[in-house]
Amino acid sequence: MFRAEFKGTLKGSIRVPSDKSISHRSIMLGSLNKGTVVVRNFLRSEDCLNTLKAFLELGVEIEDRKDVIIIKGKGKYSLKEPFNVIDLGNSGTSIRLISGILSGQPFYSVLTGDQYLRRRPMDRIAIPLKMMGAEIFGREEGKYPPLTILGKRKLKGIDYKSPKASAQVKSAVLLAGLFSDEPVSVTEPAKSRDHTERMLRAFGVDVEIKGLTVSLGKNRNLEKDIEIDVPADISSAAFFLVGAAITPDSEVVLKDVILNPTRTGILDVMKRMEANVKVENIRNVSGEEVGDISVSYSPNLKATEIKGEEIPRLIDEIPIIALLATQAEGETIIRDAQELRVKESDRIKSTVENLKAIGAEVEELPDGMIIRGKTSLKGGMVQSYGDHRIAMTFTIASLISEEVIEIDDVDCIKTSYPRFFEDFKQLLTE
């Protein structure tokens with residue numbers, strides 16, 4: 001049991017860890033590339049290191065120099081059949097995207113993960129990948145890991161209409177599409193994060209985007225020597241953005257944060273809630289917009305409504321946004337977020353139950369929640385459910401709780417933010 005009793009204000013400037021999504025993809029696409037890829041500021045979290053280990057198992061030459069990762073790829077058909085079952089720990093991104101790649105490899109492979117990953121649905125990627133010709137088996141008719149994949153060297157084309165706005169589903173299909181000579185496209189109901197499309201283009205792959213449809217063009221080979229400088233992760237920055245906004249006398253600057261428009265929903269929500277937040281020093285780094293975000297204590301927060309096409313742009317930040325909403329005047333309503341039920345935990349349930357446990361007034365909805373503010377948080381015992389974002393959210397909540405917040409497990413934070421507590425203590429002043 002971890003006792004979160006962080007009191008004081010947040011002051012100063014830090015660079016939070018590098019972006020998880022881009023770190024994953026740099027290893028994956030670098031391994032399919034014919035050429036040398038140098039990755040700087042790679043996120044050394046458990047999830048991303050599991051992706052790196054997976055491609056070592058698949059025979060890719062990867063040199064880890066600590067300050068940089070060097071990948072010497074030999075082309076998209078150079079992967080080797082793994083000797084072992086590939087264990088991806090807690091990483092949903094890893095297992096879903098790698099499944100797309102292995103669907104185009106003419107060998108046998110098995111992917112698994114920890115107890116939480118083995119409860120996350122995989123049929124959402126298995127269905128389109130099977131339509132493309134891969135054979136995929138898993139528990140409950142392929143719905144849950146472990147997944148067994150029998151890939152094909154040449155996959156069929158597909159015009160897939162995804163029922164969900166999901167970057168993981170879209171990416172799995174596009175990565176599998178690299179191993180097809182036929183037309184491949186994915187259409188979503190709303191735009192999800194687009195890191196895969198951007199990085200494929202950087203490697204020389206033809207990618208066409210029309211509205212909500214992404215298609216692969218004629219050239220599907222990755223053949224470039226390239227450097228990737230991974231920016232700071234806005235999903236990690238979110239915890240200190242909210243922490244500073246709700247804690248009196250606080251003022252922080254988060255440096256080098258990714259500002260990809262498919263990821264900045266939290267900034268739009270915070271501005272709408274009248275938080276004191278601004279973005280400066282905007283620039284382009286490795287094909288992504290990056291900037292410095294400053295936020296200070298915001299005593300006059302107003303409630304808002306979050307729904308529809310805005311949800312994919314802040315899906316990972318909803319737990320910490322819910323904490324922010326407890327300190328806003330009025331009724332904040334979050335809808336259309338049913339995807340939260342199949343994250344590392346059921347994040348609707350875990351957020352609502354834990355907020356109630358520390359004194360917030362929250363109502364659970366099938367697809368979201370209603371948070372009624374402004375409320376004083378009392379402290380108490382909460383469960384992280386092995387979910388890093390839940391554990392960090394309620395650690396931040398301790399800044400304004402009247403009593404200690406006890407969290408059953410915070411080791412899960414290492415999956416995305418290994419130095420979270422060090423950075424927290426660096427910003428904390430009494």
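The values are calculated or read from the model by the stated rules, or taken from the named source; none is laboratory data. Please read all numbers here as calculations on a predicted model, not as lab measurements. Positions of Cβ are backbone-derived with ideal geometry, glycine not excepted, and every protein chain shown enters the neighbour counts. Calculation scope for accessible area: heavy atoms of the full protein, side chains included, ligands and nucleic acids excluded. Shrake-Rupley method; radii C 1.70, N 1.55, O 1.52, S 1.80 Å.
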Can you pull out the residues in the range 138-153 that are under 17 Å from Asn84 (Cα atoms) and open to solvent by 80 Å² or more (accessible area, probe 1.4 Å)?
-> none
State yes or no: is Gly100 among the small types (Gly, Ala, Ser), buried (at least 17 other Cβ atoms within 10 Å of the Cβ), modelled with pLDDT of 95 or more and not in a loop (DSSP other than H, G, I, E, B)?
-> yes
Please go through the range 193-240 and pick out each residue that is polar (S, T, N, Q), open to solvent by less than 20 Å² (accessible area, probe 1.4 Å) and more than 24 Å from Gly73 (Cβ to Cβ).
-> Ser235, Ser236
Can Ala172 be described as modelled with pLDDT under 95, buried (at least 19 other Cβ atoms within 10 Å of the Cβ) and on the phi < 0 side of the Ramachandran plot?
-> no
Residues that are touching a helix residue (DSSP H, G or I) at 6+ places or on another chain (Cβ under 7 Å), farther than 17 Å from Leu241 by Cα and either open to solvent by 10 Å² or more (accessible area, probe 1.4 Å) or not in a strand (DSSP E or B) (or both), drawn from the range 304-320 | Thr304, Glu310
Qualifying positions in the range 74-87 - over 20 Å from Lys20 (Cβ atoms) and either touching a strand residue (DSSP E or B) at 6+ places or on another chain (Cβ under 6 Å) or surrounded by fewer than 20 Cβ atoms within 10 Å (Cβ to Cβ) (or both) = Lys74, Gly75, Tyr77, Ser78, Lys80, Glu81, Pro82, Phe83, Asn84, Val85
Hey, could you check the range 367-414 for residues that are of a type in the set (Ser, Thr, Tyr) and part of a helix (DSSP H, G or I) and say which is farthest from the chain's Cα centre (by Cα)?
-> Thr395
Look at Pro248 and say whether it is under 19 Å from Leu399 (Cβ atoms), assigned to a loop (DSSP other than H, G, I, E, B) and open to solvent by 10 Å² or more (accessible area, probe 1.4 Å).
-> yes
Matching residues in the range 3-62 - criterion: being over 23 Å from the mean Cα position of the chain (by Cα) and acidic (Asp, Glu) = Glu5, Glu57, Glu61
Name the pairs whose Cβ atoms lie under 7 Å apart, with the first residue in the range 218-237 and closer than 30 Å to Lys414 by Cα, the second crowded, with 24+ Cβ neighbours inside 10 Å and of a type in the set (S, T, N, Q), and 6 or more positions between them or separate chains?
-> Ile228/Ser26; Val230/Ser18; Val230/Ser23; Val230/Ser26; Pro231/Ser18; Ala232/Ser18; Asp233/Ser18; Ser236/Ser416
Residue set Thr375, Thr332; condition of a type in the set (Ser, Thr, Tyr), surrounded by fewer than 18 Cβ atoms within 10 Å (Cβ to Cβ) and in contact (Cβ under 8 Å) with a residue 40 or more places away in the chain; output residue Thr375
Checked against (1) in a helix (DSSP H, G or I); (2) in contact (Cβ under 8 Å) with a residue 12 or more places away in the chain, Ile127 satisfies every condition except (2)
Looking only at the range 72-114, which residues are hydrophobic (A, V, I, L, M, F, W, C) and more than 15 Å from Glu57 (Cα to Cα)?
-> Leu97
With respect to Ala237, determine if the residue is touching a strand residue (DSSP E or B) at 6+ places or on another chain (Cβ under 7 Å), in a helix (DSSP H, G or I) and over 26 Å from Pro82 (Cα atoms).
-> yes
State whether the residues of the range 118-126 include one that is over 14 Å from Leu88 (Cβ atoms) and either more than 20 Å from the chain's Cα centre (by Cα) or buried (at least 22 other Cβ atoms within 10 Å of the Cβ) (or both).
-> yes
For Val257, are the conditions met, namely being under 22 Å from the mean Cα position of the chain (by Cα) and either open to solvent by 10 Å² or more (accessible area, probe 1.4 Å) or within 21 Å of Ser18 (Cα to Cα) (or both)?
-> yes
Look at Ala190 and say whether it is in contact with an Asp or Glu (Cβ under 6 Å, 6 or more places away or on another chain), open to solvent by 30 Å² or more (accessible area, probe 1.4 Å) and outside any helix (DSSP H, G or I).
-> no
Of everything in the range 30-64 that's assigned to a helix (DSSP H, G or I) and closer than 15 Å to Gln105 by Cβ, which residue is most open to solvent (accessible area, probe 1.4 Å)?
-> Glu57
Note on the range 404-430: residues over 17 Å from Glu5 (Cβ atoms) and open to solvent by less than 40 Å² (accessible area, probe 1.4 Å) are Cys412, Thr415, Ser416, Tyr417, Asp423
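May I ask you to list the residues in the range 321-366 that are outside any loop (DSSP other than H, G, I, E, B), more than 20 Å from Lys271 (Cα to Cα) and within 22 Å of the chain's Cα centre (by Cα)?
Hits for the range 321-366 are Gln338, Glu339, Leu340, Arg341, Val342, Arg347, Ile348, Lys349, Ser350, Thr351, Val352, Asn354.
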